[in-house]
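The values are calculated or read from the model by the stated rules, or taken from the named source; none is laboratory data. Since the structure is predicted, the reported quantities are computational estimates derived from the model, not experimental observations. When we count neighbours, we look across all protein chains shown, and the Cβ atoms used for this are built from the backbone with ideal geometry, even at glycine.
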Amino acid sequence: MNNAKIILDDIKTELKQRLQAVHYLLWIDELEGVSCSDSQLVILAPSEHVKNTVEKNHLYDFIEAGRMVNCPVINFIFITKEDLSKYVNSCDTTQNDDNACKKVNNNSSFFIARYTFDNFVVGESNRLAFVTARTVAENPGINDGFLTLNPLFIYGGVGLGKTHLLHSIGNFILENNPSCNIIYMPTEKLTNEYFASLNKYSTDKDAYRNFREKYANADVLMLDDIQFLQKKGGLQDVIFHIFNDLYTKGKQIILSSDRPPKEINDIEDRLRSRFEGGIMTDIWSPSLDTRIEIIMKKLECTKNSLSEDIVYYLAEKINTNIRELEGALLKVIMFCTLTNRKPSLELAKEALKEQEDQRNEDIDSEKIISSVSSYFNISKSDIISKKKNKEIVEARMIAIYLVYDLLNLPLINIGQIFGGRDHTTIIYSRDKILNNLAQNTKTTKVISDLKEMLNVHN
Ligand code: ADP
Ligand code: MG
């Protein structure tokens, strides 16, 4: 399978969750990946009509989905059969694998090729995390009795570069030691894998053993977003033992999380103390200077250029999350390409405004909370309260997710709307629902019903 196909498949899976089924089937299902490089993904549409509709109505969905699957290409190019020969020849991934967005390790862990230390902009907010990650990559498992960087625990808010650093470690080690058995796993995937192996147990006794062996044989184990580790089904027990085995053998363990171990409620104390036993380092929001540098780096990597005033505008406007910063940059570039106009500050503002308008359409948090309240038959004050009954917590998380998804508000403001909650709680709720959306049709249906009630169509 070529890279374009792998990436488009990831994006399609994401779009399936985001779009109404009928829209997905009409416009997305039949698209095919043609070629990809670091800067563009060429997608073949079955007809001119589909191509035009996707460009007009779903481009932002593609950009968002690309970001969600950690593969933000700078340019989505939609073509029909007539243009095929031009693009197949000009950008064939099999010939320029160095540019490919993903490269595959011998044990099928994926490392995104552009997530390297070289492409990581270092500033005050991430310097310690960067230096530690780099040291671990140069010397995995280091423990001379005095200095131990095992495990390495990197924590910080969403979109601040944790996954980028983990992949950088992976890419770096593989470059120097191609036979190193590195396992990179998002915690949700590990969870699915574990439960799938248990479910198969009655018919396939080896499934669980294979699962254990795979991890027991790792030279380097990276678990991304460990805050999603659930306290059920014996999973933590298994992780604890894998952890101890690897640690005793001097194998490197690397973990990332959106918060420090002591704030992850759902983990057992013995596991928490293991997580805290090596080095912990956090990443916080980048300063304006670092944001500007990140934009410049991104432009350089993708061979685009924008004037200083646009770069400054973007860096000023999007001040917390680098993933969003990249998304905004993409939108501006795509907007100029599609409207065939030269980038200017006005155009940049227009590009981002269009996105906000699309999102807002008469909706505010009050309306969202009212809809959730009537949908679940739970009072508005209960939704905002600190009550912890299962039903109320679920409705609250759904409401928080919708406010995040539909209104372009800073997390801190969302926290204020929901009774002065801390922004990490908001991140937690949002990610929990995103996680459910990725696997659970019930949540998907609830969100789509509520969007219908709110008259949002996407
Ligand atoms: P997290 O895992 O913390 O949610 P990611 O590692 O996915 O965040 O980063 C989000 C996006 O921002 C990625 O595309 C990543 O390349 C980019 N990014 C984050 N930090 C930096 C940085 N310091 N320099 C360059 N790009 C960065
Ligand atoms: Mg991540």
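How many of the residues in the range 10-22 are among the aliphatic types (A, V, I, L, M) and either buried (at least 19 other Cβ atoms within 10 Å of the Cβ) or assigned to a loop (DSSP other than H, G, I, E, B) (or both)?
Let us first name the residues in the range 10-22 that are among the aliphatic types (A, V, I, L, M), namely 11, 15, 19, 21-22.
Pick out the ones that are also either buried (at least 19 other Cβ atoms within 10 Å of the Cβ) or assigned to a loop (DSSP other than H, G, I, E, B) (or both) and you get 11, 15, 19.
Residues that pass the stated criteria total 3.
Within the range 218-243, the set of residues being farther than 13 Å from residue 253 by Cβ and surrounded by 14 or more Cβ atoms within 10 Å (Cβ to Cβ) comprises 225, 227, 228, 229, 230, 235, 236, 238. Select from the range 417-458 the residues that are in contact with a Ser or Thr (Cβ under 9 Å, 6 or more places away or on another chain) and aliphatic (A, V, I, L, M) and list them in ascending order. 417, 433, 437, 438, 450, 453, 454, listed by residue number.
Counting only residues that are in a helix (DSSP H, G or I) and in contact (Cβ under 8 Å) with a residue 40 or more places away in the chain, which one in the range 115-129 is farthest from ligand 1 (Cβ to nearest atom)? Spell out how you get there, then give the answer.
Our first condition is that a residue be in a helix (DSSP H, G or I); within the range 115-129, this holds for 127-129.
Checking the rest, the ones that are also in contact (Cβ under 8 Å) with a residue 40 or more places away in the chain come to 128-129.
Values: 128: 13, 129: 9 Å.
Top of the filtered list is 128.
Given the criterion in contact (Cβ under 8 Å) with a residue 12 or more places away in the chain, part of a helix (DSSP H, G or I) and under 23 Å from residue 258 (Cα atoms), identify the matching residue among 383, 398, 369. Steps first, please.
Values: 383 fails: under 23 Å from residue 258 (Cα atoms); 369 fails: under 23 Å from residue 258 (Cα atoms).
From the options 383, 398, 369, the qualifying one is 398.
State which residue is farthest from residue 194 (Cα to Cα) when the search covers only the range 227-252 and only residues that are in contact (Cβ under 8 Å) with a residue 60 or more places away in the chain and under 21 Å from the mean Cα position of the chain (by Cα). Only one residue fits best here, namely 227. Annotation note: Cβ proximity below 8 Å between a residue of the range 304-329 that is acidic (Asp, Glu) and a residue that is outside any helix (DSSP H, G or I) (sequence gap 6+ or interchain) occurs for 324/159; 324/318; 326/72.
Only residues that are closer than 23 Å to residue 437 by Cα, in contact with a helix residue (DSSP H, G or I) (Cβ under 8 Å, 6 or more places away or on another chain) and β-branched (Val, Ile, Thr) were counted in the range 20-72, giving 4.
Taking residue 141 as the residue in question, decide whether it is within 15 Å of ligand 2 (Cβ to nearest atom), at pLDDT below 95 and part of a loop (DSSP other than H, G, I, E, B). The answer is no for residue 141.
Within the range 23-45, the set of residues being over 21 Å from the mean Cα position of the chain (by Cα), in a strand (DSSP E or B) and surrounded by fewer than 21 Cβ atoms within 10 Å (Cβ to Cβ) comprises 32 only.
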